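Reviewing the structure listed below.
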Amino acid sequence: MRAEAFHAPVLPREHAADEAALSTVAAPDGTAVLFCRSDEAGGWLSDFTQTGEKAGSGAGLTGTDHVSLTQPFDNFDEAALFYRSVLGLRPDPLTEFAAPFGLVRSRAVTDPAHDVRISLNVAVLRRGDWAPGVPDPQHIAFATDDIIASATAMRALGAPLLSIPDNYYDDLDARLAPPPDLLASMREYSVLYDRDEHGEFLHFYTELLGSRVFFEVVQRVGGYSGYGAVNAPVRMAAHRRARRGAS
């Protein structure tokens with residue numbers, strides 16, 4: 001009802017008689033936002049049959065940290081207004097950073113408890129392509145309590161982790177001087193690092209899967225609430241190098 005009051009387009013959604021009815025509205029970039037009730041009879045969880053099997057130990061992922069959505073240039077400000085008006089999320093300050101193809105602007109929207117985080121990104125000044133054959137990449141970041149253990153497990157499971165150049169860690173040592181053992185482990189598993197007055201942020205990425213999506217795993221220590229923007233140019237350059245090598 002709130003979305004309709006703010007004239008957000010309501011999307012028709014077909015469903016079978018025994019399937020949950022999910023109300024859906026469109027964000028300015030065309031992203032479908034579904035409103036799912038999971039704590040009531042007839043919610044979306046009832047569409048699935050429990051197998052009774054216990055989940056494996058996996059890679060130690062504990063939940064979703066944030067979703068990152070690349071926006072068309074003309075929708076960036078409108079998207080922030082949509083998520084603020086319809087979902088009540090609060091916009092964080094704007095950040096800008098250099099990318100291999102130009103300048104990128106980013107703004108996250110979150111709830112007060114930071115349980116929901118959506119990062120909106122747009123290319124402000126663009127020269128050439130993001131990388132060979134990649135139209136506006138999107139990514140999902142999962143949370144972990146032990147970044148090195150998760151990276152070790154994912155590499156053992158065959159996940160295509162993104163390789164970060166050695167000189168990043170030489171620069172990191174000069175800038176922030178993390179403990180030598182941690183620095184060595186981050187170098188081995190291509191983990192990136194940031195720190196501010198509130199805490200620390202450790203994260204790594206997969207390579208692009210298909211032509212548009214990749215994944216991130218993050219560990220937040222203390223009250224760090226950012227997204228490691230200082231490392232974004234390094235990640236983008238590493239993705240670009242990997243794509244050029246594969247093309």
message: Rounded to whole Å, give me the distance from the Cα center of region 171-233 to that of region 16-32.
response: 34
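If the viscosity is 1.567 mPa s and the temperature 4 °C, what Stokes-Einstein diffusion coefficient in µm²/s follows for region 80-128 when Rh is the Kirkwood radius over Cα pairs? Display every interim value, and only then the final one.
Numbers: Rh = 11.6 Å.
Approximately 112 µm²/s, per Stokes-Einstein.
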message: Given a 1.4 angstrom probe, what's the average accessible area per residue across the chain, in square angstrom?
response: 56
message: If the elastic network links every pair of Cα atoms under 10 Å, which of Pro72, Pro12, Pro137 fluctuates the most in the Gaussian network model of the chain?
response: Pro12
- request: Provide, for q = 0.15, 0.22 Å⁻¹, the log10 of I(q)/I(0) from a solvent-free Debye sum over equal Cα point scatterers in region 171-240.
  value: -0.51, -1.04
- line: antiparallel share of DSSP beta bridges within region 108-247, to nearest 5, in %, is 75
task: Provide the percentage of antiparallel DSSP beta bridges, counting only those with both residues in the chain; round to the nearest 5.
output: 80
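Roughly speaking, to the nearest percent, how much of region 181-247's 1.4 Å accessible area is carbon and sulfur? If you can, show how the numbers build up before the last one.
Values: 1460 of 2940 Å².
Here carbon and sulfur together make up 50 percent of the probe-accessible area.
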query: Expressed as a whole percent, how much of the Cα-Cα distance distribution for region 1-99 exceeds 15 Å?
result: 74
task: Wrap a convex hull around the Cα atoms of region 50-197, take a quarter of its surface area, and give that in square nanometres.
output: 12.5
message: List the residues, sorted by chain then number, that are 5 or more residues from Phe204 or on another chain and whose placed amide H is less than 5 Å from its amide H.
response: Leu192, Val217
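Write out the trypsin sites (Lys or Arg not before Pro) in region 24-119 meeting two conditions: DSSP loop, and at most 16 other Cβ atoms within 10 Å of their Cβ.
Details: sites: Arg37, Lys54, Arg84, Arg105, Arg107, Arg117; in loops: Arg37, Lys54.
Qualifying residues, ordered by number: Arg37, Lys54.
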- prompt: Given H placed on each backbone N at 1.01 Å, which residues far from Thr64 in sequence or on other chains put an amide H within less than 5 Å of it?
  reply: Ala143
message: As an exercise, identify the GluC sites (Glu not before Pro) in region 141-247 lying in DSSP coil whose Cβ has no more than 12 other Cβ atoms within 10 Å.
response: Glu197
- request: Net charge near Leu162: determine it from the other residues with C-beta under 13 Å of the C-beta of Leu162, scoring Lys and Arg +1 and Asp and Glu -1.
  value: +3
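Taking 0.36 nm per residue of separation and subtracting the Cα-Cα distance, what length does fully extending Arg2 through Val33 add?
Values: separation 31, 0.36 × 31 = 11.16 nm, distance 1.30 nm.
So the chain would gain 9.9 nm between Arg2 and Val33.
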field: Nearest-10 value in Å² for the accessible area of Ile140, using the 1.4 Å probe
entry: 60
Rg/Rh for region 134-211, where both radii come from Cα atoms and Rh is the Kirkwood radius: 0.98
- request: Would you grab the residues whose amide H sits under 5 Å from the one on Tyr224? Only those 5+ places off in sequence or on another chain, please, with H modelled 1.01 Å from N.
  value: Gly199, Glu200
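So what's the back-of-envelope 222 nm ellipticity for the chain, counting only DSSP H runs of four-plus at -39500 (n - 2.57) apiece and dividing by all residues, rounded to 500? Please list the in-between numbers first.
On the way: 6 runs with 61 residues, N = 247.
Counting only the DSSP helices, I get -7500 deg cm²/dmol.
The values are calculated or read from the model by the stated rules, or taken from the named source; none is laboratory data. As the structure is a prediction and not an experimental result, all values here were calculated from the model. Methodologically, a virtual Cβ is constructed for each residue, glycine included, from the backbone with ideal geometry; neighbour enumeration extends over all protein chains shown. To get the accessible areas, we keep the full protein, side chains included, count just its heavy atoms, and leave off ligands, DNA and RNA. Shrake-Rupley method; radii C 1.70, N 1.55, O 1.52, S 1.80 Å.
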